[in-house]
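The values are calculated or read from the model by the stated rules, or taken from the named source; none is laboratory data. For clarity, every value in this text was computed on a predicted model and none was experimentally measured. Positions of Cβ are generated from backbone atoms using ideal geometry, with glycine treated the same way; all protein chains shown enter the neighbour counts. The area values use the complete protein model at the heavy-atom level, side chains included, leaving out ligands, DNA and RNA. Shrake-Rupley method; radii C 1.70, N 1.55, O 1.52, S 1.80 Å.
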Amino acid sequence: MQRFSVSTPQRDYSAFIGRGVLQQVAEHIPAKTGQIFILTTRDVWDLHGARLPLPNAKVLFFPGGEQRKRLSEVEALAEEMVLAGGDRSSLLVAFGGGIVTDMGGFLAASFLRGIPVIQIPTTLLAQVDAAIGGKTGVNLVAGKNLFGAFHQPLAVLIDPDFTRTLTDREFRAGLYEIIKGGVIRDLPLFEFLESNVEKVLSRDGDSVERIIADKVRIKCEVVTADEREGDLRRILNFGHTIGHAMESETGYKRLLHGEAVAFGMHAATDLAVRAGLLAVTEAERIHTTVKAYGPIPSLEGISAENLLARLASDKKTIQGKVHFVLPTCIGEVKVVTGLDDGMVLESIKAGLARS
Ligand code: NAD
């Protein structure tokens, strides 16, 4: 089992990675904990619930889906918890994909002004990204993830075997986030992904565990250095700035989050070359690797001009300036502002052509 520590002003905790890691869940539950709640979805519970040794916990089912990741659902779940005897000694286990870990984290952050949460992510994306770092929340009509809180978990338990039951598409969506980790901070991880495409795509156990651990380590390091999206945490947004514009342009329906990041990585890599920051040979390695873990759904008919317009209204825009995270070589990125709109537009077009 591997363990990576996160240290934040709110709490110090660890992410544990290994097959069978759930057997130790009880060790992470503080003495004097009252009612334990498990927030999950029916599919995850039916597939993997039997592996969670918490016999006295009350299971709360949430239907899942981005459109249900809403404050009204959090309120209904909180009412259910009160009726089931929830109080300040309660603890919540979020057991599912990123929607469950985000919503569960927020439910725990706000229930009686805060109860502890243990994160048990079951999608690759949630394991390497969403469940670590304490960013929790729900969607508003005005936009995704606009309402939430920072609430760090007691622990994050990651069993790579959960990823075996994901659809190919969900699995690949998580892989794009891992490629992102390699580009922003970890050349050996990138090289492993570059030269082990078949092994990874066939979900070879050791390979999957290795890449999960690498990306989890990166996320833990970045969160520790910078909990609240200051300069360092911002590097995690490589591929996100333009990818997020794509997600909102397509109404969050056409692409999974990781797929939007894959498109965004193509565009940002192209932009880095145009801005004179990245060598063409390095850029081609990034494009080739992103593509090798594809495909993503067709982006035909999407207007590059509309995507450019959406960039300005992204919540990651600070005082009207769009920040791009651009690679300077594989393993290092730089936050850049003030790029010419025409150049950005050309890169968006190039990203669309490559996706
Ligand atoms: P998801 O939670 O919708 O899960 C995808 C689907 O897979 C769901 O139908 C789910 O029920 C199912 N599933 C989960 N585990 C499974 C398993 N082991 N086997 C088979 N099916 C399984 O989607 P996601 O991609 O995990 O998460 C996306 C969410 O994560 C978005 O809402 C995004 O905003 C959020 N997110 C948050 C952060 C953060 O830092 N808080 C970071 C990235 C993404």
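Mind checking which lysines have their C-alpha under 27 Å from K144, skipping anything on the same chain fewer than 8 residues away?
K69, K135, K180, K215, K219, K253, K291, K315, K316, K321, K334, K349
Placing +1 at every Lys and Arg Cβ and -1 at every Asp and Glu Cβ, with all other atoms neutral, what dipole size does the chain have around its Cα centre, in debye to the nearest 20?
Values: 40 positive and 43 negative charges, 105 e Å.
With only Lys, Arg, Asp and Glu charged at Cβ, the dipole is about 500 debye.
I'd like the carbon and sulfur percentage of the solvent accessible area for region 52-97, probe radius 1.4 Å, heavy atoms only, ligands and nucleic acids excluded.
Roughly 51 percent, rounded to a whole number.
Could you please state, rounded to a whole Å, how far the C-alpha centre of region 118-136 is from the C-alpha centre of region 178-193?
19 Å
Long-range amide H contacts for A149: which residues qualify at under 5 Å (H placed 1.01 Å from N, peptide plane, sequence gap of 5 or more or a different chain)?
T136, G137
Per 0.36 nm of contour for each residue apart, how much would the distance between T250 and F61 grow if the chain were fully extended, relative to their Cα-Cα spacing?
65.2 nm
When DSSP assigns beta bridges and you keep just the ones with both residues in the chain, what percent turn out antiparallel, to the nearest 5?
So the antiparallel bridges amount to about 45 percent of the total.
Hey, with R₀ at 41 Å, roughly what FRET efficiency would R11 and A292 work out to, going by the Cβ-Cβ distance, to 0.05?
The formula returns an efficiency of 0.60 here.
Sorting V6, V273 by accessible area (1.4 Å probe), largest first, what list results?
V273, V6
For the chain, evaluate the Debye formula with one uniform point scatterer on each Cα (no solvent term) and list log10 I(q)/I(0) at q = 0.08 Å⁻¹, rounded to two decimals.
Taking Cα atoms of the chain as identical point scatterers yields -0.37.
In nm, to one decimal, how far is the modelled label at S303 from the one at T33, with both set 7 Å along Cα→Cβ?
A separation of 5.1 nm, rounded to one decimal place.
If I stretch the segment between L83 and Q24 completely, what's the gain in nm (0.36 nm per residue apart, minus their alpha carbon distance), one decimal?
Working it through step by step, the gained length comes to 18.4 nm.
Whenever you get a sec, compute what percent of the accessible area on region 107-172 sits on carbon and sulfur atoms (1.4 Å probe).
Ligands and nucleic acids excluded, carbon and sulfur reach 53 percent.
Place +1 on the Cβ of every Lys and Arg and -1 on the Cβ of every Asp and Glu in the chain, take the dipole about the Cα centre, and give the residue among L271, A109, L307 whose Cα lies farthest towards its positive end.
Going by the charge dipole, the pick is A109.
Please find, in a Gaussian network model of the chain (springs between Cα atoms separated by less than 10 Å), the residue of F106, F238, F150 whose mean-square fluctuation is greatest.
Of the options given, F150 has the highest mean-square fluctuation.
Put a dot 7 Å past each Cα toward the Cβ at T167 and A225; how far apart are the dots in nm?
Result for the modelled spin labels: 3.6 nm.
Can you tell me, using C-alpha contacts under 8 Å and at least 6 residues apart, the relative contact order of the chain as a whole percent?
Value for the chain: 15 percent.
Over all directions, how big on average is the projection of the convex hull of the alpha-carbon atoms in region 116-268, in square nanometres?
If you wrap the Cα atoms of region 116-268 in a convex hull and average its projections, you get 9.0 nm².
Please list D43, D214, D204 from largest to smallest accessible area, probe radius 1.4 Å, with all protein chains kept in place. All intermediate terms of the calculation are to be shown ahead of the outcome.
Numbers: D43 95, D214 25, D204 55 Å².
Correct descending sequence by accessible area is D43, D204, D214.
With a bin width of 5 angstrom, please list the P(r) values of region 15-110 as percents of all Cα-Cα pairs, from the 0 bin to the one holding the largest distance.
P(r) for region 15-110, in whole percents per bin: 2, 12, 25, 26, 21, 11, 3, 0.
At a probe radius of 1.4 Å, what is the per-residue accessible area of V59, in Å² to the nearest 10?
The accessible area of V59 comes to roughly 40 Å².
Mean projection of the alpha-carbon convex hull of region 145-224 over all orientations, in nm²?
6.3 nm²
Give me Rg/Rg_expected for region 196-355, where Rg uses Cα atoms only and Rg_expected = 2.2 N^0.38 Å with N residues. Spell out each step's value before the answer.
Numbers: Rg = 15.6 Å, N = 160, 2.2 N^0.38 = 15.1 Å.
Computed over Cα atoms of region 196-355, the ratio equals 1.03.
What accessible area per residue, rounded to a whole number of Å², is obtained for the chain using a probe radius of 1.4 Å?
Per residue, the chain has 40 Å² of solvent-accessible surface.
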